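A.B. asks: Take this structure first; my questions come after.
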């Protein structure tokens, strides 16, 4: 096992950061690492907006569900799916690519590109002793986030990443058992999955009980089924299409 693998396996989400900003060199390095991620057909559909203005960070914290660490961190990055660049390139070459950009395939490509870039940035940050936490809560009120960051048509903010020097050391959450995630040659049976989930429920219930001093005792199965019982952010389909994306 090398240092890269050790860094990846030691990942945990940090939600309390020291009052210490990232240096300009560190910010640039992290963005360069994000850019080095794989990108489908060299399309490079990801744009990163670094939010430095304190008022904007506080507003984003509110929009994300009053998550204080969106404002209180070393730096805050917003990862966007961005086809605006491609539309400008098409205008330069007098080419019509609108139908391609509006496709579901393009939407998947853009989302994957942004996720790959963000994970590169996250691993790079953690290798430097810097903590991170992903902020999907930006999608709670995405139109307001988009307006706040002046995102034009064909640019969709997807999530944020709060980065900074950790001021806490939370435990590492146990992941699903490897056989539940890694299937060989074909998808495993329902019975095999259920057996694995039963064991995982016990393991994660113990984790939460120990972490909270008995205040939380639910396992992963209980937690996930409760949280997914009702759909969330149901406005997203219409908003995404209003940005010119995922129309076909």
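The values are calculated or read from the model by the stated rules, or taken from the named source; none is laboratory data. Not measured: the values here are computed from a predicted model. Neighbour counts are summed over all protein chains in view; Cβ atoms, including those assigned to glycine, are modelled from backbone coordinates with ideal geometry.
A.B. asks: Does any residue of region 170-183 turn out to be touching a strand residue (DSSP E or B) at 6+ places or on another chain (Cβ under 9 Å) and either surrounded by fewer than 11 Cβ atoms within 10 Å (Cβ to Cβ) or farther than 28 Å from residue 44 by Cβ (or both)?
C.D. replies: Within region 170-183, the subset touching a strand residue (DSSP E or B) at 6+ places or on another chain (Cβ under 9 Å) is 170, 173.
If we keep only those that are either surrounded by fewer than 11 Cβ atoms within 10 Å (Cβ to Cβ) or farther than 28 Å from residue 44 by Cβ (or both) as well, we get 170, 173.
Yes: region 170-183 contains one or more residues that are touching a strand residue (DSSP E or B) at 6+ places or on another chain (Cβ under 9 Å) and either surrounded by fewer than 11 Cβ atoms within 10 Å (Cβ to Cβ) or farther than 28 Å from residue 44 by Cβ (or both).
A.B. asks: What residue, among those in region 209-234 that are in contact with a helix residue (DSSP H, G or I) (Cβ under 9 Å, 6 or more places away or on another chain) and in contact (Cβ under 8 Å) with a residue 12 or more places away in the chain, is surrounded by the fewest Cβ atoms within 10 Å (Cβ to Cβ)?
C.D. replies: Looking at residues that are in contact with a helix residue (DSSP H, G or I) (Cβ under 9 Å, 6 or more places away or on another chain) and in contact (Cβ under 8 Å) with a residue 12 or more places away in the chain, I get 217.
A.B. asks: Just to be sure I understand, how many residues within region 97-147 are more than 16 Å from residue 14 (Cβ to Cβ) and either out of contact with any helix residue (DSSP H, G or I) (no Cβ under 7 Å at 6 or more places or on another chain) or in contact (Cβ under 8 Å) with a residue 12 or more places away in the chain (or both)?
C.D. replies: Step one: of region 97-147, the residues more than 16 Å from residue 14 (Cβ to Cβ) are 97-117, 120, 138-147.
Now narrow it down to the ones that are either out of contact with any helix residue (DSSP H, G or I) (no Cβ under 7 Å at 6 or more places or on another chain) or in contact (Cβ under 8 Å) with a residue 12 or more places away in the chain (or both): 98-99, 101-117, 120, 138-147.
The total comes to 30.
A.B. asks: If you don't mind, there's one more thing I want to ask. One residue is enough: does region 16-23 have a residue meeting the conditions in a helix (DSSP H, G or I), out of contact with any strand residue (DSSP E or B) (no Cβ under 7 Å at 6 or more places or on another chain), farther than 22 Å from residue 233 by Cβ and assigned by TED's automatic domain parsing to the domain that holds residue 107?
C.D. replies: Keep residues of region 16-23 that are in a helix (DSSP H, G or I), which gives none.
The answer is no, given that none of the residues of region 16-23 is in a helix (DSSP H, G or I), out of contact with any strand residue (DSSP E or B) (no Cβ under 7 Å at 6 or more places or on another chain), farther than 22 Å from residue 233 by Cβ and assigned by TED's automatic domain parsing to the domain that holds residue 107.
A.B. asks: Related question: Which of the residues belonging to region 56-96 are without any contact (Cβ under 8 Å) to a residue 12 or more places away in the chain and either surrounded by 19 or more Cβ atoms within 10 Å (Cβ to Cβ) or in a helix (DSSP H, G or I) (or both)?
C.D. replies: Of everything in region 56-96, those that are without any contact (Cβ under 8 Å) to a residue 12 or more places away in the chain and either surrounded by 19 or more Cβ atoms within 10 Å (Cβ to Cβ) or in a helix (DSSP H, G or I) (or both) turn out to be 61, 62, 68, 88, 89, 90, 91, 92.
A.B. asks: Additional query: Being closer than 30 Å to residue 141 by Cα and without any contact (Cβ under 8 Å) to a residue 12 or more places away in the chain is the filter here; which residues of region 170-205 pass it?
C.D. replies: 175
A.B. asks: Among the listed residues 113, 167, 150, which satisfies the condition of being assigned by TED's automatic domain parsing to the domain that holds residue 44 and surrounded by 19 or more Cβ atoms within 10 Å (Cβ to Cβ)? So that I can check it myself, show each step before the final result.
C.D. replies: Values: 167 fails: surrounded by 19 or more Cβ atoms within 10 Å (Cβ to Cβ); 150 fails: surrounded by 19 or more Cβ atoms within 10 Å (Cβ to Cβ).
Result of the check over 113, 167, 150: 113.
A.B. asks: Across region 30-55, what is the number of residues that are surrounded by fewer than 16 Cβ atoms within 10 Å (Cβ to Cβ), farther than 16 Å from residue 85 by Cβ and either touching a residue at least 40 places away in the same chain (Cβ under 8 Å) or in contact with a strand residue (DSSP E or B) (Cβ under 9 Å, 6 or more places away or on another chain) (or both)?
C.D. replies: Pass one, region 30-55, residues surrounded by fewer than 16 Cβ atoms within 10 Å (Cβ to Cβ): 32, 35-36, 38, 40-44, 50, 52-55.
Then keep just the ones that are farther than 16 Å from residue 85 by Cβ; that gives 32, 36, 38, 50, 52-55.
Those still in the list that are either touching a residue at least 40 places away in the same chain (Cβ under 8 Å) or in contact with a strand residue (DSSP E or B) (Cβ under 9 Å, 6 or more places away or on another chain) (or both) too: 36, 38, 50, 52.
The qualifying residues number 4.
A.B. asks: Given the structure, is residue 142 assigned by TED's automatic domain parsing to the domain that holds residue 116, in contact with a strand residue (DSSP E or B) (Cβ under 8 Å, 6 or more places away or on another chain) and not in a helix (DSSP H, G or I)? Give the derivation first.
C.D. replies: On the way: assigned by TED's automatic domain parsing to the domain that holds residue 116: yes; in contact with a strand residue (DSSP E or B) (Cβ under 8 Å, 6 or more places away or on another chain): yes; not in a helix (DSSP H, G or I): no.
No: the conditions fail for residue 142.
A.B. asks: With respect to the numbered conditions (1) assigned to a helix (DSSP H, G or I); (2) crowded, with 23+ Cβ neighbours inside 10 Å, which one is the sole condition not fulfilled by residue 160?
C.D. replies: The single condition residue 160 does not satisfy is (1).
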